[in-house]
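S.K.: First, the structure itself, so that you have it in front of you.
The values are calculated or read from the model by the stated rules, or taken from the named source; none is laboratory data. Remember, predicted model here, so these are calculated numbers, not experimental data. In this analysis, Cβ positions are derived from the backbone assuming ideal geometry, glycine residues included, and neighbour counts consider all displayed protein chains. What goes into the accessible areas is simple: the full protein's heavy atoms, side chains included, and nothing from ligands, DNA or RNA. Shrake-Rupley method; radii C 1.70, N 1.55, O 1.52, S 1.80 Å.
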Amino acid sequence: MARRAETIELAVLGLLHEGPMHGYELRKRLNLMLGWGRVLSYGSLYPTLKKMLRSGLIEETTAGAAASRRPRIVYQVTEDGHREFERLMSEVGPAAWEDDTFDIRFAFFSSTDMEIRLRVLEGRRTRLQERLERVQQQLTITQKEVDRYAAELQRHGVESVEREVRWLSDLINAERNTPPTASGGLPDAGPRAEHQ
């Protein structure tokens, strides 16, 4: 649960790094970022926002609204929040390439130094290659013991991980072979949907 809150915090800081947003817009953008498998409820978002307000990472203002509606609360990142976002994005280690946080970090790679991007991509690829090796060994052992549907599910898992490893390898090669653009990212990393 703590890791999920940290992931939401990183995503909120990254989105507010781009500009102020109200809670509904933040939730909508976070759900797009997290993907269909991990829908974020208001019950998860608002406690995180309150914690971030108490920590001084974000602040709230009210935006004018029509007389019949109450004013909307708009969140924006503070200087402390900008520093925390930069600190989090510069961290390299297992937490950076785990399933829970990799996608969020990847979404904000344009705010990250190329060396850090490479280390995170390489760490993610190594983690997936280890996972692939384990799954392939299990597949070989269990293929004779399970029915065809269970074997198909295992095969699907292997193919998904192989696809993401290829995608990561392509990104790593592009990072190494392409001069950085002014924003610090790749000029065109290509579609990402294939790895999911």
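S.K.: Give the carbon-plus-sulfur fraction of the accessible surface of the stretch 1-157 in %, rounded to a whole number; probe 1.4 Å, heavy atoms of protein chains only.
M.R.: Carbon and sulfur together cover 52 percent of it.
S.K.: Next question, about the same structure. Using alpha-carbon pairs under 8 Å, 6+ residues apart, how would you state the relative contact order of the stretch 65-154 in percent?
M.R.: 22 percent
S.K.: Using only alpha-carbon positions, what ratio does the radius of gyration of the stretch 1-134 give when scaled by 2.2 N^0.38 Å?
M.R.: Normalised Cα radius of gyration, the stretch 1-134: 1.15.
S.K.: Of the peptides 167-179, 5-17, how do they stack up when ordered by the mean number of other Cβ atoms within 10 Å, highest first?
M.R.: Highest-to-lowest ranking by the protection proxy: 5-17, 167-179.
S.K.: Further question on the same structure: Highest mean first, what order results for 127-136, 97-106, 150-159 on Cβ atoms within 10 Å?
M.R.: Per-residue mean Cβ counts within 10 Å order the peptides as 97-106, 127-136, 150-159.
S.K.: Next question. Take the Cβ-Cβ distance between Arg70 and Glu6 as r, set R0 to 25 Å, and report the resulting FRET efficiency rounded to the nearest 0.05.
M.R.: Between Arg70 and Glu6 the formula returns 0.20.
S.K.: Could you work out how far apart the two model spin labels at Leu118 and Glu145 are, taking each label as a point 7 Å from the Cα in the direction of the beta carbon, and quote it in nm?
M.R.: 4.3 nm
S.K.: May I ask for the Kirkwood hydrodynamic radius of the stretch 104-153, worked out over all distinct Cα pairs and given in angstroms to one decimal? Could you put the intermediate results ahead of the total?
M.R.: Numbers: mean 1/r = 0.0753 Å⁻¹.
By the Kirkwood definition, the hydrodynamic radius is 13.3 Å.
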